[in-house]
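The values are calculated or read from the model by the stated rules, or taken from the named source; none is laboratory data. In this text, all values refer to a predicted model and were calculated from it rather than measured experimentally. Cβ: placed from backbone, ideal geometry, glycine included. Neighbour counts: every protein chain shown.
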Amino acid sequence: MRWLSHAPSFRKVSFTLDQTTLTIVMVVILAVLIFFMFRSSRRRQKQQQELQKQVVPGATVMTNFGVFGTIVSIDEENNKVELETSPGHILTVHRQTIGRVETMPETTETVDADSADTEVEAAATDEKPQYGERIEDAGTASDTAESKKTDE
């Protein structure tokens, strides 16, 4: 019966160990949550900086509210961007409402007229059509088949 007299004190010790363990676990969980919160905010800031680097006149963009347009000009002082949504229609929006850049403005490359002609000639000499290319003489082939039937 001696072991029964020590049992209540053992329960108190185990209770304090459980409480300490619970406190440590809660602090660790809190630290992990704070770590992920700072990590995601840094990632978001990097993405925003990359997006702002791509926002240049001539780029096709989509705003946060779903309007597509081409950037005409950027006012750095007031953080305003002028978007041409359709020919002749210009919207002025805040720079941070640009949600994503669809296409960057094309760089001007000089193409020789000779190289363009050779590409057209090469495409004309190919017997097999490219994937998705329409066959121009398909209608004439069916016309000749019908004319042969009528001749018989």
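Considering only residues of segment 79-114 that are basic (K, R) and over 13 Å from V67 (Cβ atoms), which is modelled with the highest pLDDT?
Checked segment 79-114; the qualifying residue modelled with the highest pLDDT is K80.
Scan segment 22-47 for residues that are under 30 Å from R100 (Cβ atoms) and β-branched (V, I, T) and jot them down.
I34
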